[in-house]
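Have a look at the structure below, then the notes.
The values are calculated or read from the model by the stated rules, or taken from the named source; none is laboratory data. This one's a predicted model, so the numbers in the text were calculated from it and none came from an experiment. So basically every Cβ, Gly included, is an ideal-geometry build from the backbone, and we count neighbours across all protein chains shown. SASA here: full protein model, heavy atoms, side chains in, ligands and nucleic acids out. Shrake-Rupley method; radii C 1.70, N 1.55, O 1.52, S 1.80 Å.
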Amino acid sequence: MTTNEPAWESLDQMAEATAAGLAQAAASVAFRLFRDKQFRRLAGIERLSQAEQDRIFNELVVASLVLIMLLLEAPDLRVAGEFQDYLAGLNKRIPKAYVDHLETLGVEADHLRDWEKLIAMRYEEYARDRHDVRAAAMQIESSEKRLDLDDLAKIQMLVPVQAVAIGCHHHICRGHTEGRDDLFKLTLRSLSMFYVELRVRLEGGRITPLTRARVALKRMLRRMGRRK
């Protein structure tokens, strides 16, 4: 290949490769959290059957995949207009990219269809939950002070990761979340680090609003700790 030859033959090819890379990144984030000693202790992993352990790992993978999808369609993502169209198309490729990866690993067709259904179901659920998460965050923040535009921007920025973390925690615990705040905070922290890193890259390294959002996230975690 000469130096003047383009890296990709088409925009479609580039999007396919990017989606595959993002899907792999989601799986890596899930694996790191699943193997984390503190997570395994808080989730009681060693006491669970292999089938239940696999279910929890799958929920972590799906949470990371859906978080990518929600980020790519976030209305406050600061990218150029033409890039927004590209990201919107990329969003729809994420589920297939992961399922295609599983197929290369020899996963059977029936299980691949189950994965497609699970990703679609969790995406619909977490996307819907964003509205409740935003309303709750605004209520909490407004109870402490009058909200300004900067406060609203921080709330909007954190909505995707909060919605996914809350839903993922609920499914990991099979709905029995009472007294398991530490597990939620660990899950939220892992997803938040992934979310912020990816968002910074998409926005070209502009970190100031994200830095303020991280401060808001830390405040929320401290409030949770005081309620224990």
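Taking each residue of segment 1-20 that is more than 21 Å from L70 (Cβ to Cβ) and looking for partners that are at pLDDT 70 or above and open to solvent by less than 80 Å² (accessible area, probe 1.4 Å) with beta-carbon atoms closer than 7 Å, six or more apart or interchain, yields W8/M14. A count restricted to segment 14-37 and to residues that are open to solvent by 90 Å² or more (accessible area, probe 1.4 Å) and at pLDDT 95 or above stands at 4. Does V159 count as modelled with pLDDT of 65 or more and at negative phi? For V159, the condition - modelled with pLDDT of 65 or more and at negative phi - is met. Among residues of segment 59-84 that are closer than 19 Å to G167 by Cα, those with a Cβ under 9 angstrom from a residue that is outside any helix (DSSP H, G or I), sequence gap 6+ or separate chain, pair up as L71/L77. Scanning segment 74-105 for residues that are under 18 Å from A25 (Cα atoms) and either open to solvent by 40 Å² or more (accessible area, probe 1.4 Å) or outside any helix (DSSP H, G or I) (or both) returns K92, R93, K96, D100, H101, E103, T104, L105.
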